[in-house]
Amino acid sequence: MDKKIKVTRSAMPPFEEYVEKIRPLWDTHWLTNMGCLHKEFEKEVCHFLDVPYASLMVNGHMALELVIQAMNFPAGGEVITTPFTFVSTTHAIVRNNLIPVFCDIKPDTYVMDESQIESLITDKTVAILPVHVYGNVCNVDVIQAIAQKYNLKVIYDACHAFAEMYQGKAIGSFGDASVFSFHATKVFNTIEGGVVTFSDKILYEKLYDLKNFGIRGEESILGVGANAKMNEFCAAMGLCNLPYVKDNIERRKEKVERYKKLLKECSVKNFSQYDDADIKYNYAYFTVEFWTEEDRNKAYALLRENDIYARKYFYPITCDAKCYEGRFEKAGVDTARSVSERILVLPLYPELEDENISRICRIIKKACQEESETEKE
Ligand SMILES: *Cc1c(COP(=O)(O)O)cnc(C)c1O
């Protein structure tokens, strides 16, 4: 047995349930191209996320890339976004020949600081692409008002927010579209997969074309589409994992409570609070923000020595990635850069043992103590 503790552990259904689900494929030999399981799963996702429409995709990144493409923005258009995210968010903008304009984040919840959006709008701005980072919900009301005022599209990267609600509304119902990832490392997975949710039916057809080569019939090709279809085996995984999501989230919540209790004694700047009464959380991540980068790196190294693999999500911020050197404006995101140098995501999954949470917290306490002692010398 691998005794390493990773930052997450992929949810898997009981083996027999998965086998039962894929057994019919050995009769039909229909493995992909919007088969029965795909249709069933798309409907269930729509229902589960409580959204009018959902379009399944091969992964979260292609979902982002294709929904941006479906909006038909003029090349060179500017998209206001956050650099404090997985690099996929920024790549999806750039790969559509659009310019990412980086907005700073809020120091407590790490989501885009909506009070800074208007100052970044120019006559080239076409859209706002915020991220509900770590499941913390963006200020959707203010963002919507700004979008309306300036006639901009809003696409939410909701990859961290599966199953969440905000003020009693489904998280996937805000903006013009929201994107969720079903990657193996997320709260809910289909091995690889993703979905776009939206309320404008026209978007369904546009996305269908984009994910299926623009093919409408055997001899009818209407668009220059890519291939981003979810296959039947992934749809089957989704159908089997979905009934367990709520229970998994409950168990994650218990782990979070334990972390919160134990970390109170540590001299860190902040850690996941999960205390906004307007949000029904999915407890996807547990973050610790240290006072200094040294503390963070020390905790990271000390945890590794103990076979515990915390992750520096999100470091570096995307505008500082090597591939974007010299390409886009990267000033004015001091909070994002500072947080990224001091943050650590701790292991969190339903089966994480309480004893290991205690160990992790003891190690973090030790890392911070040693640091403050050397500072005193
Ligand atoms: C995981 C993730 C993505 C990409 O999703 P994949 O399914 O891995 O392609 C995009 N944005 C964010 C914020 C993510 O966490």
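Here, each number is a calculation from the coordinates, and none is a lab measurement. Source: prediction; values computed, not measured. FYI the Cβ positions are ideal-geometry reconstructions off the backbone, even for glycines, and counts take in every protein chain you see.
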Where the Cα pairs of the range 62-181 fall when distances are cut into 5 Å bins, in %: 2, 13, 26, 26, 22, 10, 2, 0
Could you sort out which of K186/K264; K6/K255; K169/K261; K3/K246; K124/K206 sit more than 18 Å apart by Cα distance in this structure? K186/K264; K169/K261; K3/K246; K124/K206
Can you list the aspartates and glutamates whose alpha carbon sits under 13 Å from that of K106, skipping same-chain ones fewer than 8 residues off? E114, D334
Neighbourhood net charge (11 Å Cβ-Cβ; Lys/Arg +1, Asp/Glu -1) for R337: -3
Give me P(r) over the chain, computed from all C-alpha to C-alpha distances, binned every 10 Å, as integer percentages. 5, 23, 31, 25, 12, 3, 0, 0
Amide H neighbours of Y53 at under 5 Å, excluding residues fewer than 5 places away on the same chain, with H built from the backbone geometry, are F198
Using Cα springs under 10 Å in a Gaussian network model of the chain, which residue among G172, G332, G60 shows the largest mean-square fluctuation? G332
Computed over the range 103-190, the relative contact order (Cα-Cα under 8 Å, seq sep at least six) in percent reads 23 percent
Charge dipole magnitude, Cβ of K and R +1, D and E -1 - the chain, Cα centre, debye nearest 20: 360 debye
Here the equivalent ellipsoid of the range 221-270, derived from its Cα gyration tensor, has semi-axes (largest first, whole Å) of 41, 19, 7
Note on the range 280-374: the mean projected area of its alpha-carbon convex hull, in nm², is 8.3 nm²
Give me the percent relative contact order of the range 46-196, please, defined on Cα pairs under 8 angstrom at least 6 residues apart. 28 percent
Between the DSSP loop rule and a limit of at most 11 other Cβ atoms within 10 Å, which trypsin sites (Lys or Arg not before Pro) in the range 225-307 are left? K264
Report the residue, chosen from A277, A226, A161, that carries the largest GNM mean-square fluctuation when the chain is represented by alpha-carbon nodes joined by springs under 10 Å. A277
Give a quick list of chymotrypsin sites (Phe, Trp or Tyr not before Pro) in the range 9-80 that DSSP marks as loop, anything other than H, G, I, E or B, with at most 12 other Cβ atoms within 10 Å. none
Expected output is a single nm value to one decimal: the length gained when fully extending between K43 and E219, i.e. 0.36 nm times separation in residues minus the C-alpha distance. What is it? 60.6 nm
At R0 = 51 Å the Cβ-Cβ FRET efficiency linking K366 and A75, nearest 0.05, sits at 0.45
Along the positive direction of the dipole of the chain (beta-carbon charges: Lys, Arg +1; Asp, Glu -1; about the Cα centre), which of I249, A277, P350 reaches farthest? P350
Over all viewing directions the Cα convex hull of the range 1-87 casts an average projected area in nm² of 10.1 nm²
Could you work out the pair-distance distribution P(r) of the range 231-321 from its alpha-carbon pairs, with 5 angstrom bin width and percents rounded to whole numbers? 2, 10, 15, 18, 18, 14, 12, 7, 3, 0
Work out the length of the dipole vector of the range 206-262 about its Cα centre, built from +1 on the beta-carbon of each Lys and Arg and -1 on the beta-carbon of each Asp and Glu, and round it to the nearest 20 debye. 640 debye
Mind putting a number on the dipole of the range 153-236 about its Cα centre? Charges go on the C-beta only, +1 for Lys and Arg and -1 for Asp and Glu, and I need it in Debye to the nearest 20. 180 debye
List every residue whose amide H lies under 5 Å from the amide H of I105, counting only residues 5 or more places away in sequence or on a different chain, with H placed 1.01 Å from N in the peptide plane. D113, T335, A336
The chain: relative contact order as a whole-number percent, Cα under 8 Å and 6+ apart: 22 percent
